[in-house]
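Comments concern the structure below.
What follows is calculated from the coordinates using simple rules that are stated; it is not laboratory data. Remember, it's a predicted structure, so these values are computed and weren't measured experimentally. Quick reminder, even Gly has a Cβ in these numbers, built from the backbone with ideal geometry, and neighbours come from all protein chains shown.
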Amino acid sequence: MNVLLIYPKFPDTFWSFKYALKFVRRKAANPPLGLLTVAAMLPDEFQKRLVDVNVEDLKEDDLSWADMAFIGGMAVQRDSALQIIARCKEAGLRIVGGGPLFTSEHDQFKDVDHFVLNEAELTLPLFLADLAKGCAKPVYETTEFCDIRRTPTPMWELIDSRKYASMNIQFSRGCPFNCEFCSVTALFGHRVRFKTAEQIIAELDSLYHIGWRGQVFFVDDNFIGNKAYLKSHLLPALIQWQKGRKEIPFNTEASVNLADDEPLMEMMVKAGFDSVFIGIETPDEEGLTECNKRQNKNRDLIESVKIIQRAGLQVQGGFIVGFDSDTPSIFQRQIDFIQKSGIVTAMVGILNAPPGTGLFERMKKEGRLTGLITGDNVDGTTNILPKMGLDTLREGYNSMLQHIYSPEHYYKRVVTFLREYKRPKIRTPLSFQRLMAVPRASIRLGIFGQERFQYWKTLCWTLFRRPKMLPLAITLAIYGYHFRKICSLKIAQ
């Protein structure tokens, strides 16, 4: 049987890095880890082909070759998924849907023949067994959580790694916290399940074997969910793995209580981590209480961010406006926090209620749901009726984006961050493509860009004050160009 695995296209979003990727001649930020892992779970006798629509077109030859199409993705890829499903249907393929999009919304996709939902480690074998017997059912789902120590290494050979800016692997699933708006625990539970250190080393070895030497993103929703195992097993193994080879930089996601554990931060930096995404959400204590973000309460959040930065980890932050407790003053408070903290990559979104979350159920009971989420963190939409009033919320939100991503304020944050940041030993290798990004940035941003004054001012400051961080400063300048493009497009809509 010929199986075609298809990954739908991402629209232009904050995390797509579409406009930044052009500087390094890459097509997409990350490969489709879920489909690559599913491919490794399929029987050896299946012939497999993967098409990531973000880096290549889905051709008629692909469709005519296939007997069955596996489609997986997230809510933000919904429109592209619908288009792909229509093409597969027209080609007469049996269609299988899985992943977060279909797990949350499978009743919205009438042309999909089979849904393999929740965690594929549990539901895919059931589907394959029935398929072999000729009695495959429409829906396979479970309320149980799998043992990811049995999850295979992704089939990296199905992709061309040169088309991506970063590779990704997964160490754990689940989160010990229960934020009201977050769908992570609905999908993966509260108990943190993790792969063995040996599994992670095997996955890194497989990436190294195909020639990958760039950034690797640990896609865990909370990498530090089990600190004891990190300290005793995984981080020592990563530190040892980095020795004797061209060192690979890592980044991940974590909760802000990382700042409370200096030895853990030191080990992460030594292992190769140089940045971490943290859900800050709001500087307002009442808002944190409302969304049950208890790990962020009763602390100086700005100081926590700076502690992490000083340890050698760049903090990328997530922020939310539109909590019931928010008043119009929240927009300036968020701006002040972002500028003072030096969080250069600040993703600000309006509160949404994903299916399966506590917020979704609360909004449903209160009659405040207005539809499905778009899955785009910065498109200025929401699927709930905010107490502040939708017009006031959108106006304040748009003014926030315009402020924090204006060249003046963005480059000020870059300097604020570089003052605090402790440059780690392991850095992203300067490949030919990254070296070529320097003149491209200097021409596009430093000569023709609206930010040319701030660009050269920041680079001169860096050259004299933090000369070894000049490549990072240029990288952040390129990111800023992307963020401004995205924000301007969203506001124009």
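Note on the chain: with charges restricted to the Cβ of Lys and Arg (+1) and Asp and Glu (-1), its dipole about the Cα centre is near 2200 debye.
Each of I278, L187, L35 was scored by the projection of its Cα onto the charge dipole of the chain, and the greatest displacement toward the positive side belongs to I278; charges sit on the C-beta of Lys, Arg, Asp and Glu. Starting from the Cα of K365, draw a straight line to each of the aspartates and glutamates and keep only those under 19 Å, dropping any in the same chain fewer than 8 residues away. Those aspartates and glutamates meeting the cut-off are E180, E290, D324.
Kyte-Doolittle mean at least 0.0 and Cα extent at least 30 Å along the axis: which DSSP H helices of the chain qualify? Counting only whole DSSP H runs, the qualifying helices are 470-492. Towards the positive end of the charge dipole of the range 2-140, with charges on Cβ (+1 Lys, Arg; -1 Asp, Glu), say which of W15, L117, G72 has the farthest Cα. Sorting the options by dipole projection puts first W15. Per-residue Cβ neighbour counts within 10 Å put S232, S442, S255 in the sequence S232, S442, S255, beginning with the fewest. A straight line joining the Cα centroids of the range 329-382 and the range 104-175 runs 28 Å. Of interest is the spacing of the C-alpha centroids, which for the range 51-83 and the range 430-493 amounts to 34 Å. Legend: distances between Cα atoms for K293/K340; K422/K485; K59/K246; pairs beyond 31 Å are K59/K246. Taking 1.567 mPa s as the viscosity and 4 °C as the temperature, the Stokes-Einstein diffusion coefficient of the chain based on its alpha-carbon Kirkwood radius rounds to 55 µm²/s. So which cysteines of the chain have no other cysteine's Cβ under 4.7 Å from theirs? C88, C135, C146, C175, C291, C460, C487, each lacking another Cys Cβ under 4.7 Å. Rounded to the nearest 500, the 222 nm mean residue ellipticity of the chain from helices alone is -12500 deg cm²/dmol, with -39,500 (n - 2.57) taken per DSSP H run of at least 4 residues.
Of all lysines in the structure, those lying under 19 Å Cα to Cα from K110, and not within fewer than 8 positions of it along the same chain, are K89, K137.
DSSP beta bridges confined to the chain are antiparallel in about 5 percent of cases. Counting every other Cβ atom within 10 Å of each residue's Cβ, F448, F250, F188 order from fewest to most as F448, F188, F250. Remark: K490, K243, K231, K297 ranked as K243, K297, K231, K490, counting other beta-carbon atoms within 10 Å and listing the fewest first.
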